[in-house]
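Asks: Below: one structure in structure tokens.
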Amino acid sequence: MIKVCLLIFVIWFLNLELNPQLGNIWYRTNHLGNRSFTIVNVLRFIKGPFLETIFWNWSMWDVNWITFYILWLSYYKSLSFFSSKDKVGSKPPSD
């Protein structure tokens, strides 16, 4: 389960940078003209849902890490539920 949680975080992290409506969130050009990794901007997005109500608007759910996590985890759980071999009501294996 921890692997799934980390995978969801990595997907969210990449989504911040690769989203065509955002971009340049954590890998951007600094004041010297060099490309650099800026962790402060990621931390702002992590704190955002707790500080700004705009993160809870429908259009911002893809950058709100809480809703992103809940949606992806629900998707993962539903896939694992429907693909499980031990479904409710299935016949036990015959000996």
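Any read-out appearing in this document is the output of simple, stated calculations on the displayed coordinates, not a laboratory observation. All figures in this text were calculated on a predicted structure; none of them were measured in a lab. A quick note on method: Cβ atoms are made from the backbone with ideal geometry, for glycine too, and the neighbour counts reach across all protein chains shown.
Asks: Please get the size of the charge dipole for the chain, origin at its Cα centre, with Cβ charges of +1 on Lys and Arg and -1 on Asp and Glu, quoted in debye to the nearest 20.
Replies: Values: 9 positive and 5 negative charges, 24 e Å.
The calculation lands at about 120 debye.
Asks: Could you compute the FRET efficiency for Leu71 and Lys47, with r as their C-beta to C-beta distance and R0 at 25 Å, rounded to 0.05?
Replies: Values: r = 20 Å, r/R0 = 0.80.
Calculated transfer efficiency: 0.80.
Asks: Given a cut-off of under 8 Å on Cα pairs at least six residues apart, what relative contact order in percent is computed for the chain? Provide the component values of the computation, followed by the final result.
Replies: Numbers: 64 pairs, mean separation 20.4, N = 95.
This gives 21 percent for the chain.
Asks: Residues of region 5-48 with backbone nitrogen within less than 14 Å of a virtual label 7 Å along the Cα-to-Cβ line of Met60, please, listed as ranges.
Replies: Under 14 Å, as judged by backbone N against the label point of Met60, lie 44-48 of region 5-48.
Asks: Based solely on its DSSP helices, what 222 nm [θ] is calculated for the chain when runs of n ≥ 4 H residues each add -39,500 (n - 2.57) and the sum is averaged over all residues, nearest 500 deg cm²/dmol?
Replies: Numbers: 3 runs with 49 residues, N = 95.
Rounded to the nearest 500, it is -17000 deg cm²/dmol.
Asks: Right, something else. Rank Ile25, Phe9, Ile70 by how far each Cα sits towards the positive end of the charge dipole of the chain (+1 on Lys, Arg Cβ; -1 on Asp, Glu Cβ) and give me just the farthest.
Replies: Value: Phe9.
Asks: Which of these values of log10 I(q)/I(0) by the Debye sum over Cα atoms at q = 0.15, 0.18, 0.21, 0.23 Å⁻¹ was calculated from the structure shown: [x] -0.54, -0.77, -1.02, -1.18; [y] -0.57, -0.84, -1.14, -1.35; [z] -0.70, -0.90, -1.09, -1.21?
Replies: [z]
Asks: Just to be sure I understand the rule: take each whole DSSP H helix in the chain, project its Cα atoms onto its long axis, keep it if the span is 15 Å or more and its mean Kyte-Doolittle hydropathy is at least 1.6. Which ones pass? Intermediate values should be presented prior to the final figure.
Replies: Details: long enough: 2-18 (24 Å, 2.19); 39-51 (18 Å, 1.28); 65-83 (27 Å, 0.81).
For the chain, where a helix must reach 15 Å along its axis and average at least 1.6, the hits are 2-18.
Asks: Once you list every other residue whose beta carbon is under 15 Å from the beta carbon of Phe55, what net charge do they have if Lys and Arg are +1 and Asp and Glu are -1? It would help to have the intermediate numbers written out before the result.
Replies: Numbers: positive: Arg44, Lys47; negative: Glu52, Asp62.
Net charge in that neighbourhood comes out at 0.
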